[in-house]
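> Let me begin by handing over the structure; questions about it come next.
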Amino acid sequence: MPTSATELLSAAYNDADRTIDLRRRLHRHPEIGLHLPRTQELVLEAFADLPVEVSTGKSTSSVVGVLRGARPGPTYLLRGDMDALPVHEDTDLPFASEVPGAMHACGHDTHVAMLLGAARLLAERRDELSGQVVFMVQPGEEGFHGARFMLDEGLLDVVPEAPVSGAFALHISATLASGSINVRPGPMMAAADQWKILVRGRGGHASEPYTAADPIPVAAEIVLALQSMVTRRVDVFDPAVVTVAHIEAGSTTNVIPETAFLEGTIRTLSAERRAEVVAAVRRVATHVAEAHGLTVEFDQAEGYPVTVNDAGAAATVLDTAAELLGPPASRLMVFPLMGAEDFSYVLERVPGAIAFLGACPPGLDPQTAPGNHSNLVVFDEEPLPAGVALYARMAMQALAG
Ligand SMILES: [Zn+2]
C-alpha cells in the first residue's frame with residue numbers, strides 16, 4: 001500500500017525530535033558564505049546512516065545526496081540552503097548562536113533539518129519511488145550565488161541517465177501564519193541588482209560654491225530623479241523598486257567636497273523590466289550630473305534573477321499542502337515578494353517551485369513579529385514536521401511512476 005498523506009505526516013511528527021535536534025545544533029554554530037565546514041560535517045553525519053550517495057562540492061561546502069528509488073524513472077530535486085547571516089543574535093533562546101556576529105536569522109538551519117528529515121522518510125519508502133531524489137544542500141544563498149556554483153559543478157546531471165527534471169524548495173518565514181504553506185505561480189521573488197554612483201565634481205570653499213562644482217545638490221537631485229523615473233516610466237503592472245540605501249559626501253561645514261557617493265538596489269519581477277530599469281538608473285544619474293556640468297561613475301553588480309515558479313508546480317504545492325495539512329493551510333499568494341532568492345538559478349533551468357512555510361511563533365502577530373534577517377527573529381518549530389512531510393510528498397508524487 002502506498003503511504004497516505006496522513007501516514008506521511010504522522011511519520012514526520014514521530015521523527016520531530018530528531019529534526020528539531022539537528023536544527024538546534026545547526027543554530028548554535030552558524031556559518032556564513034560559501035565555506036561552512038562545521039555545517040557540512042553535520043549534514044554529512046545526518047546522511048551517513050541513510051542509503052544516499054553523497055558527494056561534496058569542489059569549490060564550496062555544498063553537499064549533494066542521491067537517493068535511488070526501487071525502479072528507474074525521472075530525477076526530482078529538493079533544495080535546502082544552509083548558510084547564516086552576519087547578524088548578532090539577540091534572542092534568549094536556549095540554543096541561540098554561540099558565534100558572535102553570526103546568526104541563522106533567515107532560518108536556513110530549519111531548511112537543512114527539514115530536508116534531512118524528508119531524506120529519511122523517503123529512504124524508508126524507496127519501494128514507492130520510480131526514479132531518483134537529489135538533495136541539494138547549498139551554501140552561500142545570502143548573496144554568494146551558492147546555487148550557481150553547484151549548477152556549474154553539474155548538479156542537474158548528478159544522475160547522468162536522468163537529468164533533474166523538476167525541483168522544489170521550501171523557505172521558512174516568521175511573518176506568515178504558523179503551519180501555512182504559501183506559494184504562487186509565476187514570479188515569486190524579485191531580481192535584485194546593486195548599483196553604485198560616484199558623482200564627481202570639484203572641491204572648494206563652502207562660501208564660494210560658484211568657484212567649485214558641488215556634487216551634493218547633484219546627488220540629491222539624482223535621488224529624487226530616480227524616484228520620478230520609477231513612478232513615471234515603469235508600468236505599475238510590472239513594477240520596480242529603486243532604493244538609495246546609502247549616501248555619503250563631505251566632512252565638515254565649510255568645505256565643498258569633490259565627490260558624493262550613492263548606492264542602492266533595484267528590484268524587478270521580469271527580465272525585460274530588469275534590463276530597462278538598470279539602464280534607466282544609469283541614464284538618469286548620468287544626465288542629471290551632466291545638466292550641472294558634473295560627471296558620474298556608474299557601477300552595477302548583477303544580483304539574483306527573478307524567481308519564477310512553474311504554474312503546474314505551484315498548483316501541485318497547493319494541492320499537496322491541502323492534502324497533507326488541510327485546505328486552510330494551503331494559501332495562494334496574491335503578490336510576489338521583492339526579496340530575492342538564488343533558487344532562481346535552478347528554476348531558470350528546470351520547472352519547479354519555491355514555497356514559504358509560515359512559522360510565526362505562538363503569541364506573536366505575523367504582522368509585527370520580528371521577521372527573517374532580524375536579530376530577534378524566532379521561528380516556531382511546531383510546523384517543521386509539516387515541512388518535512390511536504391518536501392517528501394512533493395518528491396513521492398513526482399516519482400510515483
Ligand atoms: Zn533565506
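> Any residue at all in segment 135-143 that's under 30 Å from PRO72 (Cα atoms), touching a residue at least 12 places away in the same chain (Cβ under 8 Å) and away from the ligand (no atom under 16 Å from the Cβ)?
Checked segment 135-143: at least one residue is under 30 Å from PRO72 (Cα atoms), touching a residue at least 12 places away in the same chain (Cβ under 8 Å) and away from the ligand (no atom under 16 Å from the Cβ).
> Report the residue count in segment 99-134 for those that are away from the ligand (no atom under 16 Å from the Cβ) and either within 13 Å of the chain's Cα centre (by Cα) or without any contact (Cβ under 8 Å) to a residue 60 or more places away in the chain (or both).
3
> If you go through segment 316-338 one residue at a time, do you hit one that is touching a Gly at 6+ places or on another chain (Cβ under 9 Å), touching a residue at least 40 places away in the same chain (Cβ under 8 Å), closer than 25 Å to HIS145 by Cα and of a type in the set (Gly, Ala, Ser)?
Scanning segment 316-338, I find no residue that is touching a Gly at 6+ places or on another chain (Cβ under 9 Å), touching a residue at least 40 places away in the same chain (Cβ under 8 Å), closer than 25 Å to HIS145 by Cα and of a type in the set (Gly, Ala, Ser), so the answer is no.
> Follow-up question, since we're still on this one. Kindly provide the set of residues from segment 184-208 that are surrounded by fewer than 18 Cβ atoms within 10 Å (Cβ to Cβ), of a type in the set (Lys, Arg) and within 29 Å of the chain's Cα centre (by Cα), ordered by number.
LYS196, the sole residue that qualifies.
> Look at VAL296 and say whether it is of a type outside the set (Phe, Trp, Tyr) and surrounded by 15 or more Cβ atoms within 10 Å (Cβ to Cβ). Don't jump to the end; show me each part of the working.
On the way: of a type outside the set (Phe, Trp, Tyr): yes; surrounded by 15 or more Cβ atoms within 10 Å (Cβ to Cβ): yes.
Yes: the conditions hold for VAL296.
> Is it the case, given these coordinates, that VAL317 is touching a strand residue (DSSP E or B) at 6+ places or on another chain (Cβ under 6 Å), part of a helix (DSSP H, G or I) and surrounded by 15 or more Cβ atoms within 10 Å (Cβ to Cβ)?
yes
> Still on this structure, I have one more. What pairs come up if the first residue lies in segment 192-218 and is closer than 18 Å to PHE298 by Cβ, the second is acidic (Asp, Glu) and at pLDDT below 95, and their beta carbons are under 6 Å apart, counting only those six or more places apart or on different chains?
What qualifies is ASP193/GLU302.
> Continuing with this model, one more query. Which condition does SER165 not pass, out of (1) within 16 Å of the ligand (Cβ to nearest atom); (2) among the small types (Gly, Ala, Ser); (3) part of a strand (DSSP E or B), if it passes all the others?
(1)
> Provide a single number: the residues in segment 226-272 that are buried (at least 21 other Cβ atoms within 10 Å of the Cβ) and free of Cβ contacts under 8 Å to residues at least 60 places away in the same chain.
Taking segment 226-272 and keeping what is buried (at least 21 other Cβ atoms within 10 Å of the Cβ), we get 226, 240, 242, 256-257, 260, 262, 266-269.
Add one more test, that the residue is free of Cβ contacts under 8 Å to residues at least 60 places away in the same chain, and what stays is 226, 240, 242, 256-257.
Residues in segment 226-272 being buried (at least 21 other Cβ atoms within 10 Å of the Cβ) and free of Cβ contacts under 8 Å to residues at least 60 places away in the same chain: 5 in total.
> Also: If you scan segment 68-87, which residues turn out to be assigned to a loop (DSSP other than H, G, I, E, B) and touching a Lys or Arg at 6+ places or on another chain (Cβ under 9 Å)?
GLY69, ALA70
> Check GLY73, GLY57, GLY65 and return the single one that is touching a Phe, Trp or Tyr at 6+ places or on another chain (Cβ under 7 Å) and surrounded by fewer than 24 Cβ atoms within 10 Å (Cβ to Cβ). If you could, list the steps in order and put the result at the bottom.
Values: GLY73 fails: touching a Phe, Trp or Tyr at 6+ places or on another chain (Cβ under 7 Å); GLY65 fails: surrounded by fewer than 24 Cβ atoms within 10 Å (Cβ to Cβ).
GLY57 is the lone residue from the list that is touching a Phe, Trp or Tyr at 6+ places or on another chain (Cβ under 7 Å) and surrounded by fewer than 24 Cβ atoms within 10 Å (Cβ to Cβ).
> Report, by residue number, each residue of segment 88-126 that is part of a loop (DSSP other than H, G, I, E, B), under 20 Å from CYS360 (Cα atoms) and not aromatic (Phe, Trp, Tyr).
GLU89, ASP90, THR91, ASP92, LEU93, PRO94, ALA96, SER97, HIS104, ALA105, CYS106, GLY107
> Quick one: how many residues across segment 336-385 are in a loop (DSSP other than H, G, I, E, B), β-branched (Val, Ile, Thr) and within 14 Å of the ligand (Cβ to nearest atom)?
Residues in segment 336-385 being in a loop (DSSP other than H, G, I, E, B), β-branched (Val, Ile, Thr) and within 14 Å of the ligand (Cβ to nearest atom): 1 in total.
> Go through (1) within 27 Å of ALA301 (Cα to Cα); (2) touching a Phe, Trp or Tyr at 6+ places or on another chain (Cβ under 8 Å); (3) within 16 Å of the ligand (Cβ to nearest atom) one by one and return the number of the condition LEU151 breaks.
(3)
> Out of curiosity, is THR286 assigned to a helix (DSSP H, G or I), buried (at least 19 other Cβ atoms within 10 Å of the Cβ) and of a type in the set (S, T, N, Q)?
Criteria not met by THR286.
> Scan segment 129-175 for residues that are among the acidic types (Asp, Glu) and touching a strand residue (DSSP E or B) at 6+ places or on another chain (Cβ under 9 Å) and jot them down.
GLU141, GLU142, GLU153, ASP157, GLU161
The values are calculated or read from the model by the stated rules, or taken from the named source; none is laboratory data. In this text, all values refer to a predicted model and were calculated from it rather than measured experimentally. Backbone-built Cβ (ideal geometry, glycine too); neighbour counts: all protein chains shown.
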